[in-house]
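The values are calculated or read from the model by the stated rules, or taken from the named source; none is laboratory data. Predicted, not measured: the structure shown is a model, and the values here were computed from it. Every residue, glycine as well, gets a Cβ built from its backbone with ideal geometry; the counts of neighbours run over all protein chains shown.
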Amino acid sequence: MARVGKKAGMIAGIAIAALALAAGIALAVYVDNNRHGEERDLARAHAAGFEEKQVQVSIAIAGDATLNYAEGPDNGPALVLVHGQGMQWEDYARVLPDLAKRYHVFAVDCFGHGESSHDPALYSCEAIGQAVKAFAAQEVGGAYLVSGHSSGGIVAAWLAANDVEHVTACVLEDPPFFRVTPEEMQAPPGCFVWKDAFEVIHAYLNQEDAVDPAVYYAQHSYLFGLFGGLQPKIAAWTAAERAAAPDAHLTLAWVPHDWVRGLYYYDDFDVRFGETFYDGTWFDGVDQADLLSRITCPTVYLKAQTSYGEDGTLFAANSDEDAARVQQLIACCETTVIESGHDIHYEHPDAFAKAVNEAAGKSSGRR
């Protein structure tokens, strides 16, 4: 009997050790992915032939400026990608190798992001739209598809409406139409992006402490506040990482990457860009309904499923009612709702590539 008990104890010990080893491996994989997952995505994009470049563009409302971009191999129709606020062209890295098989991809850095010009005079939909239009004329030199994510989706819509001769198809990836002005974002029940981004940026720019903007965000984030006592720890980890590597992308290896991905490119982001959404100047001179009604090319509208927080806050880029209005205003539009976070091309690269292919196919069918 004692021998049986001893054997059972040994088996239990081996099982516990195996579980501990598995847990250790899982933790190591989790931390490694948080630290290096984005780097590996970018390495695959470079291996697929993407090269980073810069060009000078002339903008009617602001003069000359530098536009940074990545260009892939010429394997098909030109495709221009415009990232969302707080990101840069590398945000598309996960989907670039697949897109490069069928398209000649140009992924730009918007002003105030990455290596493009950081100048508040350029921080508007009109200026960015004019710049990308000039860029396409110089570097693409003909017809192109355009896709934009979030605020970049509004820029993509601007291009589809204002470069009609060259834009053959458009993909709008979860743009915040009808939730983009200060009044729209503050209308009850309120928007997540207003509370988590623009209010925080405005407060940061109006305080006197010399604190890093990423650290300030971590300390005051609406999102991190939902995690209760975890927010001070995330803020402390952010401060420690920024102090150790102020010029590096923020990773926070112990925090789920999806929680903090919005901070990843903060080292190359001018937060004054966000202030233009707080005061409404980013959208000066642009009427949303008029803009959408002037889009005549085939358009695929990718909408992340609408969700609300426990306090009623709209967590999505816009509501179902807003999305229906987008669909109604664009003459040739197909709306696809997907269960995803806001950054669809990162979370569901296959679905995003499919949307681009569908838009391209509709464009070919028209010709």
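Cβ-Cβ below 8 Å, separation at least six or inter-chain, first residue in the range 183-205 and in contact (Cβ under 8 Å) with a residue 12 or more places away in the chain, second polar (S, T, N, Q) and assigned to a loop (DSSP other than H, G, I, E, B): which pairs? That search, which allows pairs on different chains as well, returns PRO189/THR313; GLY190/THR313; CYS191/THR313; PHE192/THR313; LYS195/THR313; ASP196/SER221; ALA197/GLN85; VAL200/SER221.
Picking from residues in the range 293-311 that are at pLDDT 95 or above and farther than 24 Å from GLY86 by Cα, the one that is surrounded by the most Cβ atoms within 10 Å (Cβ to Cβ) is THR299. Condition check: surrounded by 14 or more Cβ atoms within 10 Å (Cβ to Cβ) and at pLDDT 80 or above. Does ASN68 satisfy that? It is true that ASN68 is surrounded by 14 or more Cβ atoms within 10 Å (Cβ to Cβ) and at pLDDT 80 or above. Quick check, is SER221 touching a residue at least 12 places away in the same chain (Cβ under 8 Å), in the same structural domain as HIS113 (by TED's automatic domain parsing) and within 25 Å of TRP259 (Cα to Cα)? Spelling it out, it is not the case that SER221 is touching a residue at least 12 places away in the same chain (Cβ under 8 Å), in the same structural domain as HIS113 (by TED's automatic domain parsing) and within 25 Å of TRP259 (Cα to Cα).
Residues are listed down the side, and each one gets a yes or a no for (1) within 26 Å of GLY262 (Cα to Cα); (2) without any contact (Cβ under 8 Å) to a residue 60 or more places away in the chain:
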| position | (1), (2) |
| --- | --- |
| ASP284 | yes, no |
| SER293 | no, yes |
| SER307 | yes, yes |
| PHE315 | yes, no |
| ASP320 | yes, yes |
| GLN327 | no, yes |
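Only a single criterion out of (1) closer than 28 Å to ASN318 by Cβ; (2) touching a residue at least 60 places away in the same chain (Cβ under 8 Å) is not satisfied by THR251, namely (1). At least 3 residues being closer than 30 Å to THR335 by Cβ is the threshold, and among the helices (runs of 4 or more DSSP H) wholly inside the range 221-302 those reaching it are 257-260, 272-278, 288-293.
If you go through the range 182-210 one residue at a time, how many are among the small types (Gly, Ala, Ser) and more than 20 Å from LEU263 (Cβ to Cβ)? Residues that pass the stated criteria total 2.
Kindly establish whether HIS348 is surrounded by 15 or more Cβ atoms within 10 Å (Cβ to Cβ) and without any contact (Cβ under 8 Å) to a residue 12 or more places away in the chain. So HIS348 fits the description; yes.
If we scan the range 182-193, do we find a residue that is farther than 30 Å from VAL300 by Cβ, of a type in the set (Asp, Glu) and either touching a Lys or Arg at 6+ places or on another chain (Cβ under 7 Å) or outside any strand (DSSP E or B) (or both)? Checked against the condition, which is being farther than 30 Å from VAL300 by Cβ, of a type in the set (Asp, Glu) and either touching a Lys or Arg at 6+ places or on another chain (Cβ under 7 Å) or outside any strand (DSSP E or B) (or both), the range 182-193 yields no hits at all. Counted as qualifying within the range 37-110 are the strands (runs of 3 or more DSSP E) with 2 or more residues that are in contact with a Gly (Cβ under 8 Å, 6 or more places away or on another chain) and not charged (D, E, K, R), namely 78-82, 104-108. Looking only at residues of the range 312-345 that are assigned to a helix (DSSP H, G or I) and in contact with a helix residue (DSSP H, G or I) (Cβ under 7 Å, 6 or more places away or on another chain), we find that the one that is surrounded by the most Cβ atoms within 10 Å (Cβ to Cβ) is HIS345. When restricted to residues that are surrounded by fewer than 23 Cβ atoms within 10 Å (Cβ to Cβ) and in contact (Cβ under 8 Å) with a residue 12 or more places away in the chain, the range 151-167 contains 5.
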